[in-house]
Amino acid sequence: MEQLNQLSIRDQNLKRVYQEICNTKGSSRASVARKLSLSKASLSSLADELIVDNLVTEKGKKVKTGLGRNPVMLAPKENTNFIVSVLWKNGYVEGYIIDIASGNAWPSGGDGRLILSVDNPEDYARVALVCAKGLTEKLGSVQRVLGTVMIIPGIVDPVREQILSYPLDITEDIGYQIIQDLIENHSDENICLMNDTAALAYGEKFLNHWEDPDFFYVNFAVGIGSVFYMHGKPLEDATGRQTQFGHIVINPNGPLCECGSRGCLEAMIGEKAVRKRWELIFRESGDMKLGEGNYYRVLREKAENHDIEAVAAMDEIAYVFSWALSNVVTVIYPHRVIIGGSGYELGETFLEKVRSKVQEIGYSYMVRDLQVNYSKAEKDIIYKAGAQYAFDTHYNFALKSIQGLHLG
Ligand SMILES: [Zn+2]
C-alpha cells in the first residue's frame with residue numbers, strides 16, 4: 001500500500017513538472033523549482049527522470065559568456081512520444097498519429113492519415129486497431145507509441161462495460177461484445193475509449209485555451225451531444241454518459257427518437273431530422289452524407305435566398321434549440337455556450353436568433369450575461385484533443401505507461 005502511495009505521489013510530482021515545462025515551452029530548472037515550490041534537489045531528480053523517460057530534453061548547454069552563464073533549458077521532447085488517435089465514423093475509421101509534445105499530427109505535411117472501411121458495426125474496434133498498427137509501422141525505432149485513443153460518437157459506459165452509438169448502429173449488445181473482446185484480448189495494449197463530444201470540448205478548453213471555467217459545449221453531429229465543463233473540468237469523465245442534452249424531450253407527442261422517447265431535441269433538429277424536413281419541403285431525396293452538416297448548410301442557403309419554407313424551418317430550429325438551451329441554463333448556469341461540430345453551418349442569422357430567443361424564453365437573471373458562440377476550432381482538433389486527453393488523464397509518469405484499457 002505504501003509503495004502504491006509513493007508511486008502515486010511520484011506520478012503527480014512528475015506530471016506537475018512536465019506540465020509546467022510544457023506550459024512555458026522552455027524553462028530553467030531553477031524557475032520550475034520556484035514555480036512549483038520544490039527544492040532544487042527534488043526538481044533535479046524529477047527532471048532527470050523525465051529526461052530518461054524521453055519526455056523532456058535539455059536545450060542550450062551551459063555556455064560562459066561575458067554576461068555569465070546561459071542556463072540549460074528544459075523543454076518537451078518533440079518527435080519522440082506519440083498517441084494514435086482513431087475516430088470511428090459511419091462506415092469507416094480515420095486515424096492520425098499525434099506528437100504529444102507539439103500536439104501536431106505526424107508527419108507534418110498532412111500525409112499521416114489512414115482511413116479503413118468498416119463493414120459491420122461489430123468490427124469498429126478491430127479495424128481501429130489495424131488502423132493504429134498501420135500508422136505505427138511508419139514510425140522510426142526511437143519513436144515511441146504510448147497508446148491508442150478511440151473516439152466514438154456515442155456513450156462509452158465503464159459500469160455496464162458497453163458502447164451505445166446510434167450513428168454507427170452499435171446497439172447495447174454489439175457494444176457489450178466490442179468491450180468484452182477488448183478486455184479479453186487487448187487489455188495489455190494501452191487503449192483509451194472516449195466520447196467524441198468530450199474530445200471536442202477538451203480541445204476547446206486545453207488547445208484553444210478558453211479561460212472560462214464553466215462552459216457548455218454542444219456538438220451538432222448526426223445526433224446532438226454535449227459536455228458541461230464545471231470549475232475547469234468536464235462533469236465526471238469523458239464517457240458521454242453524464243449529459244444527454246440531445247434527448248431532452250421537447251414534445252412528448254413528437255417524432256420517435258432512436259433512444260425510444262418521443263420528440264427529443266435530436267429527433268426534432270438533429271441533422272437526420274433536418275434531412276427529413278428537407279425532403280418534405282423540397283420533394284427531393286436527401287442522398288448527401290450525414291454528420292458533416294450538409295443539410296444544415298443547404299437549408300440555411302435556401303433561407304438566405306428567401307425561400308419561405310426554409311426560413312420557417314430555420315426559425316423553428318432556432319426556437320426549439322433556444323428552448324432546450326434555456327432550460328439547461330437554469331440547471332447548470334454556464335457562463336458560455338459553445339456550438340461546435342457542424343453547428344456553424346446554421347450560420348450567423350441562426351446564432352443571432354438563438355441569442356435573442358434565449359433572452360426571451362430563459363430566466364432573465366441566469367441568461368442575462370450568457371455568451372453563445374460558434375466554436376472556432378480547426379477541423380482536425382478532435383484527433384489532437386483525444387490524444388491529449390488520453391495522455392493527460394491516463395499516462396502514469398511513475399510507471400511510464402498508459403496502463404491497459406480505459407473507458408472514458
Ligand atoms: Zn432521444
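With respect to being modelled with pLDDT of 95 or more and touching a Gly at 6+ places or on another chain (Cβ under 6 Å), ILE163 fits the description.
Take the conditions (1) open to solvent by 20 Å² or more (accessible area, probe 1.4 Å); (2) at pLDDT 95 or above; SER285 misses just one of them, which is (2). Any idea how many residues of segment 90-101 are part of a strand (DSSP E or B) and either over 24 Å from ALA221 (Cβ atoms) or touching a Gly at 6+ places or on another chain (Cβ under 7 Å) (or both)? Residues that pass the stated criteria total 3. For segment 344-353, the criterion of a residue being surrounded by fewer than 20 Cβ atoms within 10 Å (Cβ to Cβ) and aliphatic (A, V, I, L, M) is satisfied by at least one position.
The strands (runs of 3 or more DSSP E) located wholly in segment 127-190 that include 1 or more residues which are farther than 20 Å from HIS394 by Cα occupy 162-164.
Among the residues making up segment 399-408, those that are buried (at least 17 other Cβ atoms within 10 Å of the Cβ) and more than 16 Å from VAL145 (Cβ to Cβ) are LEU407, GLY408. Restricting attention to segment 367-398 and to residues that are farther than 26 Å from LEU55 by Cα, part of a loop (DSSP other than H, G, I, E, B) and touching a residue at least 24 places away in the same chain (Cβ under 8 Å), the residue that is most open to solvent (accessible area, probe 1.4 Å) turns out to be LYS376. Of everything listed in (1) more than 18 Å from the chain's Cα centre (by Cα); (2) open to solvent by 40 Å² or more (accessible area, probe 1.4 Å); (3) in contact (Cβ under 8 Å) with a residue 40 or more places away in the chain, the single unmet condition for TRP106 is (3). The set of residues from segment 212-247 being part of a strand (DSSP E or B) and away from the ligand (no atom under 16 Å from the Cβ) comprises PHE215, PHE216, TYR217, VAL227, PHE228, TYR229, MET230, LYS233, PRO234. Scanning segment 233-262 for residues that are within 30 Å of ASP392 (Cα to Cα) and among the hydroxyl-bearing types (Ser, Thr, Tyr) turns up THR239, THR243. Could we say that GLY112 is surrounded by 15 or more Cβ atoms within 10 Å (Cβ to Cβ), assigned to a helix (DSSP H, G or I) and not β-branched (Val, Ile, Thr) here? For GLY112, the condition - surrounded by 15 or more Cβ atoms within 10 Å (Cβ to Cβ), assigned to a helix (DSSP H, G or I) and not β-branched (Val, Ile, Thr) - is not met.
Restricting attention to segment 6-37, the residues being surrounded by fewer than 15 Cβ atoms within 10 Å (Cβ to Cβ), among the hydroxyl-bearing types (Ser, Thr, Tyr) and outside any helix (DSSP H, G or I) number 1.
Counting only helices (runs of 4 or more DSSP H) that fall entirely inside segment 248-338 and contain at least 3 residues that are within 16 Å of the ligand (Cβ to nearest atom) and closer than 22 Å to GLN359 by Cβ, the qualifying elements are 265-269, 308-332.
All of ILE183, ILE170, ILE178 fail the test of being outside the structural domain of ARG241 (by TED's automatic domain parsing), crowded, with 19+ Cβ neighbours inside 10 Å and under 18 Å from ALA132 (Cβ atoms), apart from ILE178.
The values are calculated or read from the model by the stated rules, or taken from the named source; none is laboratory data. Quick caveat, the model's predicted, so the values are computed rather than measured. Neighbour counts run over all protein chains shown; Cβ positions are idealised from the backbone, glycine included. What goes into the accessible areas is simple: the full protein's heavy atoms, side chains included, and nothing from ligands, DNA or RNA. Shrake-Rupley method; radii C 1.70, N 1.55, O 1.52, S 1.80 Å.
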